[in-house]
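What follows is a set of notes on a single structure, which appears directly below.
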Amino acid sequence: PVAGGPDGVDLADLRAGVRRARAEGLRPRGCYVMPDFANPSGVSMDTAQRRRLLELAAEEDLLLIEDNPYGLFPADGTDRRPTLKALDTARRVVYLGSFAKTVLPGARVGYVVADQRVGEADGTVVPFADHLAKIKSMVTVNTSPISQAVIGGALLAHDCSLVAANVRERAAYARNLRHLVDGLARRFPAGGPVSWTVPAGGFFVVVSVPFAVDDALLHRSAREYGVLWTPMAHFYDAGTPVDALRLSVSAVTPESIDLGLDRLAALVTDTMAAGVTPECQGSGTVRVS
């Protein structure tokens, strides 16, 4: 695990972690990172931070595994930033893309850009993507051709542009994110014990509350209040409760968001009124995203 913050990956912690691992006789080879509207934090890395990460990867001989399922969905007035792969001049980045958020979740189709060169036993050199394709075919016996045809048809219908294919979706996701943030502001006073992030895009908002959030509270929320969310502890390595939860607003309507926020506000109000004292304040190192 590597620490994260408002700028994304903590580069000093990443470097220290790599060198610590090497001192222990390990061979760290890659860093998984989600630079755009990360899950769960919603944080995005600015372009300067992306360049610094690429420089560090070159200095420490790391591959960067860039996962980008949300990069096409900046909110209103926000420009898309160049991907790490777009800035990559030394083949340090393996880029992972998904059609789940951009075309159809049920198709279970994604893609990888892996143009690194890998030596074969016979001395020939082939793209890393060829190795990944072989492994993929052995593990999954290939992806459904029907699913691939659905994705291919959607791309052909929009001149093979995911940007063009997601104009409607981007507007809907931006609307939902704005509605969620505005709804939180209407239900919880500014400067109070409840606060939240305001991401520049994507689907996720993190709500901090004055009590520990664990699975027991989630069960109570579902059973007694009829609303689901994700404890932020699920994204940490310590396994202890954290005083925050993640909300997701991808496939919901504004009406559903209002209903969910009303129920969440009731849960938070009742929990605070009951005088619940956190057994621990969340600490630990968030997994890089």
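Every number in this text was worked out from the coordinates using simple rules, so none of it is lab data. Source: prediction; values computed, not measured. Cβ coordinates were reconstructed from backbone atoms using ideal geometry, including for glycine residues, and neighbour counts include every protein chain displayed.
Laid out as a table, the results:
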| read-out | value |
| --- | --- |
| Bins of 5 Å, starting at 0 and running to the largest distance - Cα pair percent for the stretch 168-273 | 2, 12, 23, 25, 20, 12, 4, 1, 0 |
| Cross-link reach list, aspartates and glutamates versus Lys85, counting only Cα pairs under 15 Å and skipping chain neighbours closer than eight places | Asp36, Asp46, Glu55, Glu66, Asp67, Asp115 |
| The stretch 116-190: relative contact order in percent, alpha carbon pairs under 8 Å with at least 6 residues between | 11 percent |
| Positive-end extreme of charge dipole, the chain - chosen from Ser250, Tyr70, Val126 (charges on Cβ) | Val126 |
| Per-residue Cβ neighbour rank within 10 angstrom, fewest leading, Tyr111, Tyr95 | Tyr111, Tyr95 |
| Gain upon complete extension [Glu55, Ser195; 0.36 nm per residue less C-alpha separation] | 46.9 nm |
| Relative compactness, the stretch 4-165, computed as alpha-carbon Rg over 2.2 N^0.38 Å | 1.15 |
| Relative contact order [Cα under 8 Å, 6+ residues apart], the stretch 168-273, whole percent | 31 percent |
| FRET efficiency, His158 to Arg117 (Cβ-Cβ, R0 35 Å, nearest 0.05) | 0.60 |
| Förster radius 25 Å - calculated FRET efficiency between Arg186 and Ser250 (Cβ-Cβ, nearest 0.05) | 0.70 |
| Point-charge dipole on Cβ atoms (K/R +1, D/E -1) for the chain, about Cα centre, debye to 20 | 340 debye |
| Which label in (1) 21.1; (2) 19.5; (3) 24.1 gives the computed Kirkwood radius over Cα pairs in Å | (1) |
| Stretchable slack from Ser147 to Ala16, in nm (0.36 nm times residue separation minus alpha-carbon distance) | 42.9 nm |
| Rough spin-label spacing in nm, given labels placed 7 Å along Cα→Cβ, for Asp46 and Thr78 | 1.5 nm |
| Cα-projected label distance for Arg220 with Met138, points at 7 Å along beta-carbon direction, nm | 5.0 nm |
| Volume in Å³ per residue [convex hull over Cα atoms, computed for the stretch 47-124] | 115 Å³ |
